[in-house]
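Colleague: I'd like to ask some things about the structure below.
Read the figures in this text as sums done on the coordinates, not as results from a lab. Every value quoted in this text rests on a predicted model; they were computed, and no experiment measured them. Cβ: placed from backbone, ideal geometry, glycine included. Neighbour counts: every protein chain shown.
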Amino acid sequence: MAPPLSPSPARAVGPAARAVPARAGVGLKAPHYRTILQTRPDIGFFEVHAENYMGAGGPPHRYLTEIRSRYPLSLHGVGLSIGADGPLDRTHLRRLAALNERYEPGLVSEHLAWSSHGGIFFNDLLPLPYTQRTLQRVCAHIAQVHDALGRQILLENPSTYLAFEESTYEETDFIAEVARRSGCGVLLDVNNVYVACTNQGWDPLRYLQRFPLAQVRQIHLAGHAPDQDGRGAPLLIDTHDRPVSALVWDLYAHVIATLGAVPTLIEWDQHLPEWPTLQAEARRAETVLAASPCQEAPRHAAVG
């Protein structure tokens, strides 16, 4: 019999879980650890990929503990495979629960995708058919995650390159129904919206009109690379390796004007720039947030 999913007793040094403010944050990367600790930049929060901190100790935990003591933290998983056609990996879920207990992040999120099958892990976040069967499976997996962590998680909309003929839900309707049935929150990745809509010929404004904005607790912004498919049609690749594009900034401003201020993360995972470039992207997001009609009473993300 598998042992129960119990969190580790180890905790980070610093304040207990703090709500992530409705400000701009930045993905925390090892090359910037020392700069952040030395300069104490005015950043709303930092976010880490959970899988990078699932070891027991070492320099990553030492630096994260120091940074966590000074800034709110969000935890973003990329390997839980919530959409997998099979059971969740209990060891992975146990490690995620331990990390949640150790650092008490203000937000925890994962992807509407799958990345493992039959014990094999893939280096991609793969799409799902939006069917009743998939809906039931995703909601059951989210319930397991909620039970293991003792808190709400956020589910991120995917960047996609194709659609399944068997789908019976539009993507926005599927996400809304998952949130309604499971009680999860939603992480709106605006870059993913633009990438998916471009690749599949959807209207991004209509997509956002149908999106469950009332359930959004966090926003992601990132860069993408232009390409072409085999027929020469435009294709966008979700690369996270460059500045946010002008059209994604426009969509983000539209969302904030509609929704109000929401914690917003700048994702930059490859070809990392120097810290000032990342901070400049965060400041641009702060400018959009400051223009929000709800700025006088900003929305803070729920802790649990």
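Colleague: At 222 nm, what value in deg cm²/dmol follows for the chain if DSSP H runs of at least 4 each add -39500 (n - 2.57) and the sum is divided by all its residues, to the nearest 500?
Modeller: Working: 9 runs with 109 residues, N = 304.
One gets -11000 deg cm²/dmol as the mean residue ellipticity at 222 nm.
Colleague: Given H placed on each backbone N at 1.01 Å, which residues far from L154 in sequence or on other chains put an amide H within less than 5 Å of it?
Modeller: Close amide H contacts, sequence-distant or interchain: V108, S109, E110, G185.
Colleague: For the range 24-290, just the Cα atoms, rotate onto the principal axes and tell me the three extents in Å, largest first.
Modeller: That works out to 52, 41, 35 Å along the principal axes.
Colleague: Quick one: Debye curve from the alpha-carbon atoms of the range 95-252 only, equal weights, vacuum; give me log10 I(q)/I(0) at q = 0.11, 0.13, 0.19 Å⁻¹ to two decimals.
Modeller: Normalising to I(0) and taking log10 leaves -0.46, -0.65, -1.35.
Colleague: Once you keep just the Cα pairs under 8 angstrom separated by 6 or more residues, what percentage relative contact order results for the chain?
Modeller: RCO, the chain: 21 percent.
Colleague: Fewest first, what order do D229, D241 take by the number of other Cβ atoms within 10 Å?
Modeller: D229, D241
Colleague: Sort Y63, Y252, Y71 by Cβ crowding within 10 Å, fewest neighbours at the top.
Modeller: Taking fewest neighbouring Cβ atoms as first place, the list is Y63, Y71, Y252.
Colleague: Quick one: L37, L235, L259, L73, fewest Cβ neighbours within 10 Å first, how do they rank?
Modeller: The order, fewest Cβ neighbours first, is L37, L235, L259, L73.
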